[in-house]
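Report on one structure; see the data block that follows.
The values are calculated or read from the model by the stated rules, or taken from the named source; none is laboratory data. Since this is a predicted model, take the numbers as computed values, not measurements. Cβ atoms come from the backbone with ideal geometry, glycine included; neighbour counts cover every protein chain shown. The protein model used for the area step is the full one, side chains on, heavy atoms only, and it has no ligands, DNA or RNA in it. Shrake-Rupley method; radii C 1.70, N 1.55, O 1.52, S 1.80 Å.
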Amino acid sequence: MPLFDLPLDELHAYRSASTAPDDFDAFWTRTLTEAREHDLDARFEPVDTGLSTVRVLDVTFAGFGGHPVKGWLTLPAEADAPLPLVVQFIGYGGGRGLPHEHLLWASTGRAHFVMDTRGQGSAWGGGGGTADPEGGAPAYPGFMTRGIDAPENYYYRRVFTDAVRAVEAARSHPLTDAARTAVLGSSQGGGITLAVGGLVPDLTAVAPDVPFLCDFPRATTLTDRHPYREVGLYLRTHRGRTDDALRTLSYFDGVHFAARGSAPALFSTGLEDQTCPPSTVFAAFNAWSHTDKSIEVYDFNDHEGGGPFQEAAQLRWMRSRL
């Protein structure tokens, strides 16, 4: 696919037309306060993986509604003092998978926590094991329209809350250093990363890679690829509900979380990315409020973006920050 979005010079200047609801901060303060009424109850169980250079712990903690959420905590085998912590979120349809799928960040001498995504983990990778006990309103197959009737019911309210609690759970382990915490993820994981970057005020670094869940008004009308297309297909049947749907989505737009970001950030985008169009990524990047920010641009790449080259860029970038 040739370039289909704005030219690069216009991307650097692009600003989203999406506006944050007046009660955006109050909504998220209330949501997280309600979640914290449940004991975090973070449990770490050793796993025999056959790996010799790392130790892996099977983690369960209380996310949104006190619901149990799974994760893996991977530590260098000889760790005996608190380590810098990298918390990772997973792409659309995937789950936490198997422990040996996540060896990169522990191999750098850091602690690594990967969060399972509730209700997902059945589309690719090694699967997942976290249910989503809530959500029953009419929805298009997928996750983008589950609970889209109201922000209180929306699927990503639960996921983003889980993600904040995942940071708290990972930080509660004695071998992680809460004062040195980075969050990262690709695609949906990048969108979750932006949400956490806007909701957790004391992070050290934030690295959203080709992030999803950004600039909904543009994304849902620019691309016909899933998952954004799920919204249009829902509205094709539920005629006249566009304003209601966009109002709900405005509480979960990465652009508005980016405006509240308080840590250095490294973004990435592919200029041929039709899944997460580059203008939607630049909308979040340009809104990111911390002055220490940069974006890697991959001219001829689709949603794979930089792939291993972006991982290498993150490794270099993290050296001076975590």
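Tell me, which residue of segment 297-317 that is touching a residue at least 24 places away in the same chain (Cβ under 8 Å) and under 18 Å from the mean Cα position of the chain (by Cα) is nearest to A259 (Cα to Cα)?
Residues of segment 297-317 touching a residue at least 24 places away in the same chain (Cβ under 8 Å): 297-306, 310-311, 313-315, 317.
Narrowing the set further to residues that are under 18 Å from the mean Cα position of the chain (by Cα) leaves 303-306, 310-311, 314.
Numbers: H303: 24, E304: 26, G305: 24, G306: 25, Q310: 24, E311: 25, Q314: 22 Å.
This residue is Q314.
Before we move on, is F252 under 15 Å from S18 (Cβ atoms), outside any helix (DSSP H, G or I) and either in contact (Cβ under 8 Å) with a residue 60 or more places away in the chain or open to solvent by less than 10 Å² (accessible area, probe 1.4 Å) (or both)? Reasoning before the result, please.
Details: under 15 Å from S18 (Cβ atoms): yes; outside any helix (DSSP H, G or I): yes; either in contact (Cβ under 8 Å) with a residue 60 or more places away in the chain or open to solvent by less than 10 Å² (accessible area, probe 1.4 Å) (or both): yes.
So F252 fits the description; yes.
If I ask for residues that are of a type in the set (D, E), open to solvent by less than 90 Å² (accessible area, probe 1.4 Å) and not in a loop (DSSP other than H, G, I, E, B), which ones from segment 35-65 would you list?
First, the residues of segment 35-65 that are of a type in the set (D, E): 37, 39, 41, 45, 48, 58.
Retained after the next criterion (residues that are open to solvent by less than 90 Å² (accessible area, probe 1.4 Å)): 41, 58.
Within segment 35-65, just D58 meets the criteria.
Quick check on this structure: which one of R236, R165, R229 is touching a strand residue (DSSP E or B) at 6+ places or on another chain (Cβ under 7 Å), basic (K, R) and either in a helix (DSSP H, G or I) or closer than 17 Å to P278 by Cα (or both)?
Working: R236 fails: touching a strand residue (DSSP E or B) at 6+ places or on another chain (Cβ under 7 Å); R229 fails: touching a strand residue (DSSP E or B) at 6+ places or on another chain (Cβ under 7 Å).
Residue meeting the stated conditions: R165.
Is at least one residue of segment 181-193 of a type in the set (G, A, S), open to solvent by 10 Å² or more (accessible area, probe 1.4 Å), modelled with pLDDT of 95 or more and out of contact with any strand residue (DSSP E or B) (no Cβ under 9 Å at 6 or more places or on another chain)?
First, the residues of segment 181-193 that are of a type in the set (G, A, S): 182, 185-187, 189-191.
Next cut, open to solvent by 10 Å² or more (accessible area, probe 1.4 Å) only: 186-187.
Okay, now just the ones that are also modelled with pLDDT of 95 or more, so 186-187.
This time we only want the ones that are out of contact with any strand residue (DSSP E or B) (no Cβ under 9 Å at 6 or more places or on another chain), so: none.
Within segment 181-193 (the criterion being of a type in the set (G, A, S), open to solvent by 10 Å² or more (accessible area, probe 1.4 Å), modelled with pLDDT of 95 or more and out of contact with any strand residue (DSSP E or B) (no Cβ under 9 Å at 6 or more places or on another chain)), the answer is no, since none of the residues qualifies.
Would you mind finding the one in P68, P2, P99 that is surrounded by fewer than 12 Cβ atoms within 10 Å (Cβ to Cβ), more than 22 Å from L213 (Cα to Cα) and not aromatic (F, W, Y)?
Residue meeting the stated conditions: P2.
Condition (residue is over 19 Å from the mean Cα position of the chain (by Cα), of a type in the set (S, T, N, Q) and under 21 Å from A313 (Cβ atoms)) applied to segment 81-98: is it met by at least one residue?
Within segment 81-98 (the criterion being over 19 Å from the mean Cα position of the chain (by Cα), of a type in the set (S, T, N, Q) and under 21 Å from A313 (Cβ atoms)), the answer is no, since none of the residues qualifies.
Specify which of the listed residues (E230, E296) is at pLDDT 95 or above and open to solvent by 20 Å² or more (accessible area, probe 1.4 Å).
Numbers: E230 fails: open to solvent by 20 Å² or more (accessible area, probe 1.4 Å).
Residue meeting the stated conditions: E296.
Residue by residue through segment 197-226, note down the ones that are part of a loop (DSSP other than H, G, I, E, B), open to solvent by 10 Å² or more (accessible area, probe 1.4 Å) and aliphatic (A, V, I, L, M).
V200, L203
Restricting to segment 132-157, what's the tally of residues that are under 18 Å from P68 (Cα atoms) and more than 18 Å from the chain's Cα centre (by Cα)? Full working, then the answer.
First pass over segment 132-157, keeping only residues under 18 Å from P68 (Cα atoms): 132-135, 155-157.
With more than 18 Å from the chain's Cα centre (by Cα) added as a condition, the list becomes 133-135.
So the answer is 3.
Can you tell me which of (1) farther than 19 Å from V196 by Cβ; (2) in contact (Cβ under 8 Å) with a residue 40 or more places away in the chain is the one G63 doesn't meet?
Condition (1) is where G63 drops out.
Give V159, V183, V114, V86 a once-over and let me know the one that is β-branched (V, I, T) and in a helix (DSSP H, G or I). Spell out how you get there, then give the answer.
On the way: V183 fails: in a helix (DSSP H, G or I); V114 fails: in a helix (DSSP H, G or I); V86 fails: in a helix (DSSP H, G or I).
None of the other options fit; the residue is V159.
I'd like the full set of residues that are part of a strand (DSSP E or B) and either free of Cβ contacts under 8 Å to residues at least 12 places away in the same chain or over 23 Å from W124 (Cα atoms) (or both), limited to segment 89-111. I'd like the intermediate steps shown before the answer.
Step one: filter segment 89-111 for residues part of a strand (DSSP E or B), giving 89, 111.
Answer for segment 89-111, where residues must be part of a strand (DSSP E or B) and either free of Cβ contacts under 8 Å to residues at least 12 places away in the same chain or over 23 Å from W124 (Cα atoms) (or both): just A111.
So, of the residues in segment 128-156 that are more than 17 Å from P227 (Cβ to Cβ) and in a helix (DSSP H, G or I), which turns out to be most open to solvent (accessible area, probe 1.4 Å)?
Looking at the filtered set, the residue picked out is E152.
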